[in-house]
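No value in this document is a laboratory result; all are computed from the given coordinates. Predicted model, so just to flag it, every value in this text is computed and none were measured. Positions of Cβ are backbone-derived with ideal geometry, glycine not excepted, and every protein chain shown enters the neighbour counts.
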Amino acid sequence: MSHLINNELIWISNPKCASFSIETALRNSKLKLEMYDPSKMSVHYHTPLNECLLTWGNKESICVIRDWVSKWLSALNFIWDKIEIYTEYTPIRKWEDIDNEFIYKTFNTDFLNHLHLIDQHGYGYKTCFFKLVKENYDPLKEIPNIMTSLISQKFFKSNKKCTYEFDIKEIDKFVDFIENRFGERLIIKNTNQSTKRANKIIINDELKSFIWENFEKRFEKRNELI
């Protein structure tokens, strides 16, 4: 979840942008932290920037960002890892057999409309989850929340730029910034990563356009559906 660091800097947790690794490093540090919701410390979730600003006031913010195509494909891999490796559910197609046509067919208008409900009760996420597995019985409560990883980081940044943004490929600069500002060097370990298993997906202009139109453009101008 998002944290307030030393009462002056809000860290925004973007899905599939090393968020779990950074969250773990922050909590293992000596920094003074406020959690967005201390009652849910055992749950890893993501709070949009606007909600954090309402909670903590107009403070500076910091986040790690990622190329949107890379992020989406990593999210898809992450979801299939969770289904195939960590749950008792059966995906509608094995990860190794997923190709572009499967993506175009599966992430259709109905799926997208439910995903972008982004409702606090998780109805939309739950509906999406069951479109990806063969079973229809209720999963553990936290399982549908993995669907949030498919949503644009623009949503979690409330369609704004954080005061400080660092690319995931240069996360050492994020670490240096925190150390220079607060005198604490974070130890960030790779956790919660996708397995990067082989599949049949071809990254071409058609796929990029599909991801942009259906998962990014909705948040291009404002923090809601366009």
Problem - Relative contact order (%) - criterion: Cα under 8 Å, at least six apart; region: the chain - result: 29 percent
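Kindly state, as a whole number, the per residue volume in cubic angstrom of the convex hull around the alpha carbon atoms of segment 47-90.
Details: hull volume 5.0 nm³, N = 44.
Value for segment 47-90: 115 Å³ per residue.
Taking 22 Å as R0, compute the FRET efficiency from the Cβ-Cβ separation of Q193 and W68 and round it to 0.05.
Working: r = 18 Å, r/R0 = 0.83.
Efficiency, from the Cβ-Cβ distance: 0.75.
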Handout entry: Percent antiparallel among DSSP beta bridges (both partners in the chain, rounded to 5)
Key = 45 percent
Exercise for the section: Using a 10 Å cut-off on Cβ atoms, rank the peptides 172-181, 20-29, 102-111, 71-80 from the highest mean neighbour count down. Expected result: 71-80, 20-29, 172-181, 102-111
Fill in the blank from the handout: Note: I202 to T90 extended length (0.36 nm per residue) minus current alpha-carbon separation gives 38.0 nm
Problem - Relative contact order (percent, whole number), segment 88-185, Cα cutoff 8 Å, 6+ residue spacing - result: 22 percent
Exercise for the section: For a quick protection proxy, order the peptides 145-156, 46-57 by their average other-Cβ count within 10 Å, most packed first. Expected result: 145-156, 46-57
Handout entry: At 1.306 mPa s and 10 °C, Stokes diffusion of segment 14-110 via Kirkwood alpha-carbon radius, µm² per second
Key = 97 µm²/s
Practice task
Determine the principal axes of the Cα atoms in segment 85-126, then give the extent along each, sorted from largest to smallest and rounded to whole angstroms.
Solution key: 32, 25, 10
